[in-house]
Structure formats: C-alpha cells, structure tokens
Amino acid sequence: MSETNQEYIVISGARENNLKNVDLRIPKRQISIFTGVSGSGKSSIVFDTIAAESTRLLNENFSMFVRTFLPRVPQPDTDAIENLSMAVIVDQKRLGGGSHSTMGTITDISPILRLLFSRVGQPRVGPVNLFSFNDPQGMCPECNGLGRRLGVDLDKAVDLSKSLSEGALLLPGYTVDGWDWNMIVQSGFDPAKKLSDYSEAELDELLYAKAKKIETQFAGKPVNITVEGIIEKFTNKYIKQDVKTKSERTQQTVAPFISEGPCTSCRGARLSQAALGCRINGLNIAEMSAMEVGQLIRAVREIADPVAAPIVKSLAERLQHLVDIGLDYLTLDRETDTLSGGESQRVKMVKHLSGSLVDVTYIFDEPSVGLHPRDVHRLNDLLRKLRDKGNTVIVVEHDPDVIKVADHIVDVGPHAGSRGGNIVYEGSFQGLLEADTLTGTHMKRPLRLKQDCRRPAGKLSVKDARLHNLRNVSVDIPTGVLTVVTGVAGSGKSTLINDVFLGQHPDAIVIDQSAIGVSTRSNPATYTGIMDDVRKAFASANKVNQGLFSFNSKGACENCQGLGVVYTDLAFLDSVKLPCEACGGRRFKEEVLAYKLNGKSIADVLEMTVEQAREFFQLKEVVRKLQAMSDVGLNYITLGQPLSTLSGGECQRIKLASELHKKGSIYVMDEPTTGLHMSDIGLLQAIMDRLVDAGNTVIVIEHNLDVISQADWIIDMGPDGGSRGGQVVFEGPPSEIVRAEHSITGRYLSAE
Ligand code: ADP
Ligand code: ADP
Ligand code: ZN
Ligand code: ZN
C-alpha cells in the first residue's frame, strides 16, 4: 500500500487545554502510542479531542428526540477531525456492580459455563437459568444468590468453657435461672457440664434443634412446652424477620450477636441445591467458578463429551484470553469491585477481544499499570490482536516495553502545561531513540543498581499471614529505609501490604490512587490548604472579610454556587455540565472579583498553574506547599482545577505533596509511578529519598525497574500469581536480587 493511499485520522488545529494548534495524522489499523511527560498534553489530544469528537459524532446519529436527552458534548476546540471511526475507551475505572457482578458475568463467560452444565452435567436438571445466581430459579433461596448472609456469631453466642449454670449461654434472654434458661435445662441438658464436654450431637441439639414439643413437670404438674436450639430461636426471631421492625432497644441488644458470613446453605456458592448437585467430571458449577482461570481452562479441555465440543471450544477460547493477558490467577466468582484498576482495564480488554466489532478506534490509558515486566509482552500481544482484527489502537503509555510495540509513536512536549502542547516527535521506535526529546533520551538510559544501601533502624514484623493466597508469610520490613515490594501481578503484594500490614499498622500514611476531594468544589488549593492562606492575603490587602473569597460564602456566584459550571440532572443519563452563564466560569460575584492582590483577582489566582503561583506568592506557607506540589511533578496543574478531573496518578501525587512534611512516620505507596513519564521518576525517587532521610519508613509497591533498582531493600513476592504465588521469594538489597535464582524480578533487573 503506498503512503498516499493509507488511511489516517487527520486532526488539524487542535487547541484543547494546552495544545498549541496541533496538526496530526494517526495511521488507521495500526498501534499508535502517545508518550511525553505528565501534563504535556497527551490526554488533551487523545481523550479531550479524539474521544470527545467520536462521542459527539455518535450522539448525532440519534434522532432529534433522543438527542434532547443526551448530554450536549461540545465540539472539541479544533479546526477539523477527519476519518474518525467509533471510539471505545478502555480505561482504569474500577468495575463497580456490587456483589452480583463477578469476573464471570462481566466477561460473559458465566453464561457459557451455564450452558455447558445444562447440556452435559449429571444428573440432568434441565433449564439453563437454574445455574444462574442472578435468576430466581437458580439462586440459593436462603441468601438470594448473594452467597453471604447474616448469621449468629457463634463465639459471641456461647462460652464453651462454661456450664449452663455458670452462664455459658450469652445470647440475650438466657440468664441463669430465668424462664428460657429453665426450659433448656428442663428439656434434658446437664446444667453442671461444661459445654466443651458436650458431645457434638448434644451441642448441635442445644444450638440448632428445630422447635419441638416436650412434656415436662412444672410446679409438680405435667406441662407441654416448645423448645428449640438457642441459635435457631434467635435466628427465627431476629434474623429471618427484619430486625428493623423491632424496637430500637431490641436492635441494639441483638446487633452485637449478628454478623455477616458465608451462607450456610450454599456455603457461599450462591446457587440452589439442585444446581449444585449437577456435576461434570466430579465438579459442580460453583467449584469450577472458584478455580483459578489457569486451572479451569485445563479442566474444561478435559471434557470429552462430543455434545459439549462447540461449547468447550468457545469457553476455552475466552478463558485463554484471560490467561493471555496475565489474569490466570483470578477466579470467575471473584467480585469485580475487588479488582484493582489495572486488573479492571485488562478484564475490559478481554471483553472487547471476544467481541466482533471491527474498524473501531480503541483508546487505552496506561494499560501497563499493575503489570510486572515479565507480563508486559502479554499486553503487547493483545494490542496486536486488536489491531490485526482491523481496529485502530491508540495508547497513552510510559512503559518503555510497551512503547516498543508501537507502529507509530507520537511524543508530546517538550515539557508540561504551557511549556508543552506540541508534537515533538512522530514516527518509528528506532527514530524515537535518536530523537532529542525527553522520551528519546530517557529510553536509552541504562539501569543502575543501588550499591550504598541504607542500614535499617529496626524492623516491623508480619507473622504467619494467610489471607487470600498468602502461604504463612512471615517477613520483616526494615524501618528507616526505602523498601520496594514487587512481584508479578497476583503474587500477593497488595494483600501483604494493604490488607495484612496496614491492618496491623493503621497509623501508617497511605498514599494511594483513590479519588480525593470532599465536594465538587474541591481543588488543589482547597485540598492542600493553600486556599486558606490565599483568602487571608486577599482579605488583608483589601481590608474586607476573608469569608468573601470562599466558594461557600455569599461572595460566590449565586447561580453556580461557586462551581463555575451548572449541572443539569437528567433522569436516566449522566448529568450535563455547562459553564455558568452568570459568572462565565469565574465562580465569584463581580464585586469580589474587583478586589485584587498585586493586580490579580481571586479567579486569576485559581487559574494559575502551580509554577505560576510559585512566582506570584511570597507567603512562606504557600510557597512551601507549592514547592511540595512541584516536587511531585505537578507544576502544570492549576490551583482551581476540580479534583474530579485529575487522574489516579495525579491524585496520588497531590496526597503525597500534602503529606510530605510529616516526620517519623510509615509511608505506604501503591504504584506511585502510575502516570509518570520516565523523566519524572527521578523526581519521585528524590522525594522518597528525602522522606527516608528525614527518618521515615517508606514502603512502595512497584513494578517499575528504575524504582526497584534504587531501593534499599527489596521484598519479591512470587514465584507466580494466585495459588502459585503467595510466598516471599527474595528479601535483600538490589545487588543481591540479580543473583537470586528464583526471582523473576531479579532476572529483569539484570537483563537491562
Ligand atoms: P498529559 O495527558 O500529557 O498528562 P493533559 O493533556 O492531561 O496532559 O494536560 C495538559 C495540560 O492541560 C496541563 O497543563 C493540564 O493541567 C491542563 N488540563 C488538562 N485537563 C484540564 C481541565 N479539565 N481543565 C483545565 N486544565 C486542564
Ligand atoms: P498483587 O498485589 O501482587 O497483584 P494481590 O494481593 O492483589 O496480588 O492478589 C493475590 C491473590 O489474592 C490473587 O490470587 C488474588 O486473586 C487474590 N485476591 C486479592 N484480593 C482479593 C479479594 N478481595 N477477594 C478474593 N481474592 C483476592
Ligand atoms: Zn446461599
Ligand atoms: Zn457562576
């Protein structure tokens, strides 16, 4: 195909955010990768221009009537975009969906598995729906398909070390010698024997016996009474009936005895007994759903029944996609809201691979997040597959190993914010290595292993951790140094650090990527506290009340309440956001805007970038906070940018900036290089070093080889993901990991 015939998406004069009249041609049906420092304008091109225009075009296909209900997507600020196909954005937003959404349902694999059981499962039970926990026919009637339900906390209900006379029954109502207590004793239980000496049958009877009538003596006369096990009775009274209908006092009395646990009927499998009785090669559908995908695919391939062949084929194909993308350690019954951002994105990717759409523009946002260098090639294979199906693939990425796979590279820069917004290089990977851009130069830099590692001040011990896949992990985390916890995806890093370690050290400062900001008015200035100082400065310069300069005060624009935008709620769609007509987006009343500080209004200040504000302000506290933000590579964001528009990586760095001055603490960071260009990683390392030098303990979960190579201490989890992981395969300094036989990470550090 000659160059002139080739199809391109053609963009002319793009000016969103910091873009400087960018002209660009993106080859169709190829992989284009956008690189450049954070804030250089990659998202402004890819999301705010290309994806936005595609959404707008899509909406135009609807009838006028439907369109009146759709959010009005404004045309991106650009002269023209030609040749665009439908865009699908595969991002890192977590897959929500509650407990009824699992890996199996979201990837459409569960319906195929159900079909398989309905065709070849033994004994035959008929309908496909019987195998669905989302269907009334299939769900466990005890827990309505949730797999969990409220139950009595046994440890709180009885004290096994006591006898009935000593007060072994702790549930309300069974005071020794009271009516209910007497009924229990009358029905034949020995009041002097410790419950721990009861036989299993006796204890079962005491706790769970169904209501039955017994004849006994009362005040010398024979009477018939009804007795039932104490837990059975409590369950019938307070759990099967809605406890909310009882008095508040009763609710408070019974609440401590009730907790949520696996459903005792289906044992967490969510399905009816009929469905669970149906098996293939000895396994029921719940057992298959609880197998790791890597094992499940083997079990599925062993199904020899010719009737099942086409179903087995399609099932294996989809499972293979999950294996290919490095998610073989997940199970189909895993609830999607427990997946990490990177895992969520890869699951979404699999969904698209199985689909049959062609000529779609797929847009990925840093798909390497959460992937160990060992698994990056799997991601690359997947991107190639999407391309080879006839799609255009556009990726924003910082990982050198992903950048290598590009057919076409667009390097945006040269720097961030107003000093960026240009295309500084376009072309092949080889060309990039020779280009004089930040990306080009950093791609060539060799990796160096830290030699002069700091000595630990002490240690924090984790003992016999067994959560999720952890296999009795005992590990010492040194204090006063920088520790990097690494290992392939699913090896147990987050479980060890975020669940187990933080469970024991809740005082640690956690700097993660979760969204921040308490209200829609939150921005970097309010979050870091700069806004308070700025308000004071405006107030004293103008001799007015500082409250005037707050978004929540009477100084704020009344039309938008200081938001600068107006949200219009639509019943069944995302609400529409439009610039406020009263203040033109400047958020304050005219009279407030008239007050100036060194010639600038409060709105002018909020429009300043961190870098500009640093030149403008002399106030010591403000300068310190601004410096902290620029130290974490956020020079380019504006003080008034809503926190909701920041990426996960940017949120994480803002948190880092506002926690930087604390001393003597434990810091825990989860993949802090997310969203950071290679040239910005040095900045991050400098911050971590500063924190450690100030006497803090820093623990970082990372895959980035630059960060791992500069650690004082490495804890490498593995050897693989899921059940094949969960062990510490190496503990020690970088110079030793390269010699450790079993460490995959070590191999990648020495290969560089
Ligand atoms: P990248 O994707 O390369 O990190 P972006 O395209 O997100 O960079 O940002 C480029 C510039 O545009 C930055 O200065 C950023 O602060 C600014 N910017 C991005 N989104 C917005 C927004 N919603 N409002 C105001 N400024 C923005
Ligand atoms: P890493 O952080 O190294 O990627 P994780 O700690 O997230 O690994 O996962 C380790 C193992 O524990 C995996 O098999 C994963 O599927 C499992 N796991 C993690 N979180 C949960 C959860 N909330 N529920 C069930 N299993 C989980
Ligand atoms: Zn159940
Ligand atoms: Zn307004």
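What is the one condition in (1) at pLDDT 90 or above; (2) within 16 Å of ligand 2 (Cβ to nearest atom) that residue 395 does not satisfy?
Going through (1) at pLDDT 90 or above; (2) within 16 Å of ligand 2 (Cβ to nearest atom) one by one, residue 395 breaks only (2).
Restricting attention to the range 486-518, report how many residues are of a type in the set (Ser, Thr, Tyr) and either within 16 Å of ligand 4 (Cβ to nearest atom) or in contact with a helix residue (DSSP H, G or I) (Cβ under 9 Å, 6 or more places away or on another chain) (or both).
3
Of all residues in the range 153-191, how many are assigned to a helix (DSSP H, G or I) and surrounded by 14 or more Cβ atoms within 10 Å (Cβ to Cβ)?
Looking only at that region, the number is 8.
Collect the residues in the range 298-319 that are of a type outside the set (A, V, I, L, M, F, W, C) and not in a helix (DSSP H, G or I), keeping them in residue-number order. Outline the logic, then answer.
Applying the first criterion (of a type outside the set (A, V, I, L, M, F, W, C)) to the range 298-319 yields 298, 301-302, 305-306, 310, 313-314, 317-318.
Across the range 298-319, the qualifying residues are 302, 305.
Report yes if some residue within the range 547-564 is at pLDDT 90 or above, loosely packed, with under 13 Cβ neighbours inside 10 Å and more than 20 Å from residue 642 (Cα to Cα); otherwise report no.
The answer is yes; a qualifying residue exists.
In the range 260-292, which residue that is outside any strand (DSSP E or B) and in contact with a Ser or Thr (Cβ under 7 Å, 6 or more places away or on another chain) is surrounded by the fewest Cβ atoms within 10 Å (Cβ to Cβ)?
290
Quick check, is residue 55 closer than 21 Å to residue 393 by Cα, at pLDDT 95 or above and more than 16 Å from ligand 3 (Cβ to nearest atom)?
No; evaluated as a whole, the condition is false for this residue.
What residue, among those in the range 461-511 that are more than 21 Å from residue 369 (Cα to Cα) and among the small types (Gly, Ala, Ser), is farthest from the chain's Cα centre (by Cα)?
Out of the qualifying residues, it is 480.
Taking only the range 206-227 into account, find how many residues are touching a Pro at 6+ places or on another chain (Cβ under 9 Å) and touching a residue at least 12 places away in the same chain (Cβ under 8 Å).
In the first step, residues of the range 206-227 are kept if they are touching a Pro at 6+ places or on another chain (Cβ under 9 Å); the result is 215-216.
From what is left, the residues that are touching a residue at least 12 places away in the same chain (Cβ under 8 Å) are 216.
Within the range 206-227, residues that are touching a Pro at 6+ places or on another chain (Cβ under 9 Å) and touching a residue at least 12 places away in the same chain (Cβ under 8 Å) number 1.
Residue 120 versus (1) over 27 Å from the mean Cα position of the chain (by Cα); (2) surrounded by fewer than 17 Cβ atoms within 10 Å (Cβ to Cβ): which is the lone unmet condition?
(2)
What's the total number of residues in the range 590-614 that are of a type outside the set (Gly, Ala, Ser) and within 16 Å of ligand 1 (Cβ to nearest atom)? Lay out the reasoning, then the answer.
From the range 590-614, those of a type outside the set (Gly, Ala, Ser) are 590-593, 595-598, 600, 602, 604-612, 614; that's our starting set.
Filter again for within 16 Å of ligand 1 (Cβ to nearest atom), leaving 604-612, 614.
Final tally of qualifying residues: 10.
Is at least one residue of the range 134-145 without any contact (Cβ under 8 Å) to a residue 40 or more places away in the chain and either within 25 Å of residue 301 (Cβ to Cβ) or aromatic (Phe, Trp, Tyr) (or both)?
Looking through the range 134-145, none of the residues is without any contact (Cβ under 8 Å) to a residue 40 or more places away in the chain and either within 25 Å of residue 301 (Cβ to Cβ) or aromatic (Phe, Trp, Tyr) (or both).
Mind checking which pairs have a first residue in the range 42-53 that is at negative phi and a second that is more than 16 Å from ligand 2 (Cβ to nearest atom) and of a type in the set (Ser, Thr, Tyr), Cβ under 8 Å, 6 or more apart or different chains?
42/35; 43/647; 49/78; 50/361; 53/78
What about residue 197, is it exposed (fewer than 15 other Cβ atoms within 10 Å of the Cβ), within 30 Å of residue 273 (Cα to Cα) and away from ligand 2 (no atom under 16 Å from the Cβ)?
The answer is no for residue 197.
Restrict the check to the range 61-76 and report whether at least one residue is modelled with pLDDT of 80 or more, part of a loop (DSSP other than H, G, I, E, B) and over 24 Å from residue 425 (Cα atoms).
Yes, because at least one residue in the range 61-76 is modelled with pLDDT of 80 or more, part of a loop (DSSP other than H, G, I, E, B) and over 24 Å from residue 425 (Cα atoms).
Six or more apart or on different chains, Cβ atoms under 6 Å: show the pairs whose first residue is in the range 548-568 and assigned to a loop (DSSP other than H, G, I, E, B) and whose second is aliphatic (A, V, I, L, M).
Taking only residues 6 or more apart or on different chains, the pairs are 555/548; 555/592; 557/582; 559/582; 560/566; 562/556.
For residue 592, work out the one condition from (1) surrounded by fewer than 19 Cβ atoms within 10 Å (Cβ to Cβ); (2) farther than 25 Å from residue 653 by Cβ; (3) in contact (Cβ under 8 Å) with a residue 40 or more places away in the chain it doesn't fulfil.
(1)
State yes or no: is residue 747 surrounded by fewer than 23 Cβ atoms within 10 Å (Cβ to Cβ), more than 24 Å from the chain's Cα centre (by Cα) and assigned to a loop (DSSP other than H, G, I, E, B)? Break it down stepwise before answering.
On the way: surrounded by fewer than 23 Cβ atoms within 10 Å (Cβ to Cβ): yes; more than 24 Å from the chain's Cα centre (by Cα): yes; assigned to a loop (DSSP other than H, G, I, E, B): no.
So residue 747 fails the test.
I'd like to verify a number: residues in the range 706-736 that are out of contact with any Leu (no Cβ under 6 Å at 6 or more places or on another chain), surrounded by 18 or more Cβ atoms within 10 Å (Cβ to Cβ), closer than 26 Å to residue 466 by Cβ and of a type outside the set (D, E, K, R), how many?
Residues that pass the stated criteria total 12.
Among the residues of the range 657-691, write down those that are assigned to a strand (DSSP E or B), among the aliphatic types (A, V, I, L, M) and in contact with a helix residue (DSSP H, G or I) (Cβ under 7 Å, 6 or more places away or on another chain).
668
So which residues in the range 629-656 are assigned to a helix (DSSP H, G or I), free of Cβ contacts under 8 Å to residues at least 60 places away in the same chain and over 23 Å from residue 586 (Cβ atoms), if there are any at all?
Correct list: 630, 631, 653.
The values are calculated or read from the model by the stated rules, or taken from the named source; none is laboratory data. Computed from a predicted structure; not experimentally measured. Neighbour counts run over all protein chains shown; Cβ positions are idealised from the backbone, glycine included.
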